[in-house]
1. Which one is farthest from Gly14 (Cα to Cα), of the residues in region 128-147 that are more than 14 Å from ligand 1 (Cβ to nearest atom) and touching a Leu at 6+ places or on another chain (Cβ under 9 Å)?
2. Exactly one condition in (1) within 16 Å of ligand 3 (Cβ to nearest atom); (2) surrounded by 12 or more Cβ atoms within 10 Å (Cβ to Cβ) is not met by Thr169; state its number.
3. Out of (1) within 16 Å of ligand 2 (Cβ to nearest atom); (2) over 16 Å from Ala11 (Cβ atoms); (3) surrounded by 13 or more Cβ atoms within 10 Å (Cβ to Cβ), what's the single condition that is false for Tyr186?
4. When you look at Leu39, is it surrounded by 13 or more Cβ atoms within 10 Å (Cβ to Cβ) and either in a helix (DSSP H, G or I) or in contact (Cβ under 8 Å) with a residue 40 or more places away in the chain (or both), yes or no?
5. Within region 21-35, how many residues are within 16 Å of ligand 3 (Cβ to nearest atom) and closer than 17 Å to Asp61 by Cα?
6. For region 91-106, what are the residues that are in contact with a helix residue (DSSP H, G or I) (Cβ under 6 Å, 6 or more places away or on another chain) and among the hydrophobic types (A, V, I, L, M, F, W, C)?
7. Can you list the strands (runs of 3 or more DSSP E) found entirely within region 49-163 that contain at least 2 residues being within 16 Å of ligand 3 (Cβ to nearest atom)?
8. So which residues in region 189-205 are away from ligand 2 (no atom under 16 Å from the Cβ) and surrounded by 14 or more Cβ atoms within 10 Å (Cβ to Cβ), if there are any at all?
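The values are calculated or read from the model by the stated rules, or taken from the named source; none is laboratory data. Computed from a predicted model, the values in this text were never measured in an experiment. So basically every Cβ, Gly included, is an ideal-geometry build from the backbone, and we count neighbours across all protein chains shown.
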Amino acid sequence: MRLVIMGPPGAGKGTQAAMIADRYSIPHVSTGDIFRKNLKEGTPLGLKVKEYMNKGLLVPDETVVEIVKDRLSEEDCRKGFLLDGFPRTVAQADALDQVLEEMNMELDHVINIDVAKEVLVERAVGRRVCKKCGSTYHVKYNSPSRPGLCDECGGELIQRDDDKEETVTKRIEVYLEQTKPLINYYSEKGLLLSIDGGQDIAKVGEQIVKALEI
Ligand code: ADP
Ligand code: ADP
Ligand code: ZN
């Protein structure tokens with residue numbers, strides 16, 4: 001299965017992507033995760049994307065497209081993949097089409113998680129991630145069994161630098177301007193599955209699985 005999951009910052013893409021990737025045994029390809037890993041390791045790519053991420057702006061299309069192209073040509077993506085956080089602009093979506101065409105592949109579905117703007121800030125600001133394994137929690141809606149510690153690996157839970165309220169607000173603006181047009185883009189191609197992301201994590205997951213298996 002070749003999937004894209006999209007939605008505004010804090011909608012629950014990463015949370016649902018982890019479930020879907022596990023259920024269908026496909027790699028979870030998150031451009032945000034790739035960038036954060038490079039930032040942490042201080043690679044040239046990390047240095048290049050740091051300013052954009054800290055300001056809540058999009059990394060330039062050419063940079064992102066190159067990363068995704070390389071990742072999709074890895075062996076494990078032959079059996080399918082789930083793209084999370086990419087594409088984020090119409091130019092990226094066009095580039096993805098081209099990359100897939102060259103590889104003789106097509107997308108099966110684009111999952112769009114629909115969440116009211118008011119809910120997004122609370123979700124993103126309350127997000128905590130494991131420093132060690134990247135698992136995602138929420139202080140109120142998905143808290144770990146031991147405060148501040150990851151259930152999966154015992155690692156320390158931290159707040160992302162770009163999850164401060166001011167940056168989240170900026171990221172939502174950027175989403176509305178540059179990413180939201182992709183809803184029409186994929187709807188016109190007949191690929192869009194729209195999911196009500198206002199429900200709890202388990203319910204959203206059930207809706208996604210139901211939509212994928214119709
Ligand atoms: P995204 O990848 O779209 O930015 P995440 O999956 O990281 O979003 O979720 C953002 C925050 O909201 C996390 O703290 C997550 O635990 C929490 N969250 C995700 N889905 C839900 C939901 N359906 N209800 C409440 N909180 C949620
Ligand atoms: P969220 O899931 O909360 O929307 P991500 O982890 O997907 O956040 O992205 C974090 C940041 O990484 C973005 O604000 C942006 O700076 C950068 N980024 C990730 N994916 C892309 C992309 N496809 N195009 C441009 N920038 C991206
Ligand atoms: Zn962990």
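1. Pro147
2. Condition not satisfied by Thr169: (1).
3. Checking Tyr186 against (1) within 16 Å of ligand 2 (Cβ to nearest atom); (2) over 16 Å from Ala11 (Cβ atoms); (3) surrounded by 13 or more Cβ atoms within 10 Å (Cβ to Cβ), the one that fails is (2).
4. Working: surrounded by 13 or more Cβ atoms within 10 Å (Cβ to Cβ): yes; either in a helix (DSSP H, G or I) or in contact (Cβ under 8 Å) with a residue 40 or more places away in the chain (or both): yes.
Considered against the rule, which asks whether it is surrounded by 13 or more Cβ atoms within 10 Å (Cβ to Cβ) and either in a helix (DSSP H, G or I) or in contact (Cβ under 8 Å) with a residue 40 or more places away in the chain (or both), Leu39 comes out as yes.
5. 2
6. Passing the criteria: Ala91, Ala93, Ala95, Val99.
7. Details: elements: 81-84, 109-114, 127-130, 136-138.
So the answer is 127-130, 136-138.
8. Narrowing region 189-205 to residues away from ligand 2 (no atom under 16 Å from the Cβ): 189-194, 196, 198-200, 202-203, 205.
Leu191, Leu192, Leu193, Ser194, Gly198, Gln199, Gly205 - these are the residues of region 189-205 that are away from ligand 2 (no atom under 16 Å from the Cβ) and surrounded by 14 or more Cβ atoms within 10 Å (Cβ to Cβ).
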